[in-house]
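Presented below is the structure to which this report refers.
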Amino acid sequence: MKTPSILSALLAMLLAGSAAAADAPATRGAGKIAVRTCHLPGAEGALRCLAVPVPLDYAKSDARGLNIHVTIAPAYREGAKADPLFVLAGGPGQAGSEVIVLLPTALKRVRATRDIVFIDQRGTGLSGKLDCEDKPEHETMSDAELEAEVKRCIGASRTPFAAYTTANAARDIEEVRRALGYGKINVWGGSYGTRLGQAYARAYPASVRALILDGVAAPDQVIPAGGRDGQAALDKLFEQCARDAGCNKAYPNLRAEFDSLAARAEGGLSLSIADPRTAQPVTFRMTGQRFTGTVHSILYSPADARRLPFLIHSAWQGRWEPFIARHNVGGDFAGEGGTAYLMHLAVVCAEDVPRMTPALMKEDAALLTRALAERMPDMCKTMKVPAVPYAAPVPIEAPVLLLSGALDPVTPPRRAESAARHMTHARHLVVANAGHGVSQLGCAPRLLREFLDAPSATLDAKCLAEIPAPTFQLGSAGPQP
């Protein structure tokens, strides 16, 4: 639930590749669908890519279609198990082809015996990405000007945004499963992918063997209204710094410095600095949303969060370059990837914003997400998508492994606990020193494999407690040893 580039300053407080080469034999029951060898960033060696045609609107038999891009990482061993692992990325707006980097980390052990299937959800990545152009001048714009840019982008698109819903994406998954000839499948979802995974399991229970949900979005969770969770993560960071002798000595007034910077950024700051990219003089516009959005994104990773006291203190002293360099990271390294803005809005405007009641906004009115949450309803008027009625969740019968980081600023353990109330066979693992994403840490990759091999067996997860807390950064040289 995170969007990294400059234009996404309006979205960042929530949650690509190249293909090539010769035809390869179709996978299982792919039938007449052409499967080709392909190479994607983040993966060593060749993969298999294909496009599965689906209707844009399942309610219309004559509706025009679109192609869902699918990437298959075949199991390493011959005689792979019949039940593959389907991977659903986050956002909404992230593509499966953009999380191929999970293969050598979180999914390496699973891939030994199972095919890994990455799906680019409709409107993302190589499945007709719904995006806005990122321009250098966005850096100097105010929040209002950025909002106008997004509205112009929306108005220039002729895409029927109402077709880009979680329910349709779940039906696409079923079409992919059938096209590939698989029987029951396993599902791994991260962040928004956990919402999609739950929707798929409820719509097609006979197709699901087991689910792994990492950074769990509860069925009743409203994505833009995440202030309470973000503030809790920030408060924990301040408390941890105060308890750490080195951090407390270096930054004894950290909370007050943060409050001062947030108040100043709220009115907009014109900063004359040395560009962190080029070292040339440049004027940078620091707005309230840019400041709080950057802080919120930093909190996703504990290793990143332990640098935040240094960034705050440096900015408070007038040296903004380190903070702005961190702000630039998403845009500088996103390349052709990154969240599909318009697809993100299509989902959130139809499924979340209609549930942003005054009572919820009052309860969740915290600094890190307040500005965006207040702007979203007006932006959604431009999208003109009908509200998707909230449906009370029916129980999920398949075994589910829920993974949470105690320091997660967007899907903390309480969200997984809420989701588990609607699951018959759920196991929830909480990692004390983890943030938004657990699967790639410590012994977690081994536990994923063990769970999929025997979803109903007891899982010894004591090893997750051995994942250490990163050290704080106390100076320009970087984190302590």
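The values are calculated or read from the model by the stated rules, or taken from the named source; none is laboratory data. No experiment lies behind these values; they were computed from the predicted model shown. Using ideal geometry, Cβ is built from the backbone for each residue, glycine included, and neighbour counts are taken over all protein chains shown. Ligands, DNA and RNA are stripped out before the accessible areas are found, and what is left, the full protein with its side chains, is counted by its heavy atoms. Shrake-Rupley method; radii C 1.70, N 1.55, O 1.52, S 1.80 Å.
What FRET efficiency would be calculated for the residue pair Asp460, Ser142, taking the C-beta separation as r and a Förster radius of 45 Å, to the nearest 0.05? For R0 = 45 Å, the calculated efficiency reads 0.25.
Helical content alone sets the calculated 222 nm signal of the chain at -10500 deg cm²/dmol, taking -39,500 (n - 2.57) per DSSP H segment of four or more residues and averaging over every residue.
I want the local charge near Gly123. Using Cβ-Cβ distances under 12 Å, sum +1 for each Lys or Arg and -1 for each Asp or Glu among the other residues. After counting each charged neighbour, the total is -1.
Just how large is the dipole of the stretch 65-117 about the Cα centre, in debye to the nearest 20, putting +1 at every Lys and Arg Cβ and -1 at every Asp and Glu Cβ?
Details: 6 positive and 4 negative charges, 48 e Å.
Once rounded to the nearest 20, the dipole reads 220 debye.
A Förster radius of 45 Å, combined with the Cβ-Cβ distance separating Ala469 from Glu374, puts the computed FRET efficiency at roughly 0.85.
Treat every Asp and Glu Cβ in the stretch 158-307 as -1 and every Lys and Arg Cβ as +1, leave all other atoms uncharged, and give the resulting dipole magnitude about the Cα centre to the nearest 20 debye. Numbers along the way, then the final one.
Working: 19 positive and 14 negative charges, 69 e Å.
Magnitude of the dipole: close to 340 debye.
Between Asn433, Met379, Trp320, the Cα set farthest toward the positive side of the dipole of the stretch 300-455 (charges on each charged residue's Cβ, about the Cα centre) is that of Trp320. 3J(HN,Hα) along the stretch 467-475: 5, x, 7, x, 7, 7, 8, 10, x Hz, from the Karplus curve 6.51 cos²θ - 1.76 cosθ + 1.60 with θ = phi - 60°, whole Hz, x for Gly and Pro.
So how do 176-183, 473-480, 421-428, 364-371 stack up, highest first, on mean other-Cβ count within 10 Å?
364-371, 176-183, 421-428, 473-480
Working from Cα pairs under 8 Å separated by at least six residues, relative contact order for the stretch 247-318 is 37 percent.
Could you tell me how many cubic angstrom of Cα convex hull volume the chain has per residue?
Convex hull of Cα atoms, per residue: 148 Å³.
Using unit Cβ charges (K, R positive; D, E negative) and no other charged atoms, how large, in debye to the nearest 20, is the dipole of the chain about its Cα centre? Before the final figure, lay out the partial values.
Values: 52 positive and 48 negative charges, 187 e Å.
It works out to roughly 900 debye.
So for the stretch 209-295, averaging the separation of alpha carbon pairs under 8 Å that are six or more residues apart and normalising by length, what relative contact order in percent results? Before the final figure, lay out the partial values.
Details: 47 pairs, mean separation 15.4, N = 87.
Rounded, it is 18 percent for the stretch 209-295.
First compute the accessible area of the stretch 373-481 with a 1.4 Å probe, then give the percent of it belonging to carbon and sulfur atoms. List each step's numbers first, then the result.
Working: 2940 of 5220 Å².
Answer for the stretch 373-481: carbon and sulfur cover 56 percent of the accessible area.
For the residue pairs Lys135/Lys236; Lys60/Lys129; Lys60/Lys184; Lys108/Lys184; Lys60/Lys384, the alpha carbons lie more than 25 Å apart in Lys135/Lys236; Lys60/Lys184.
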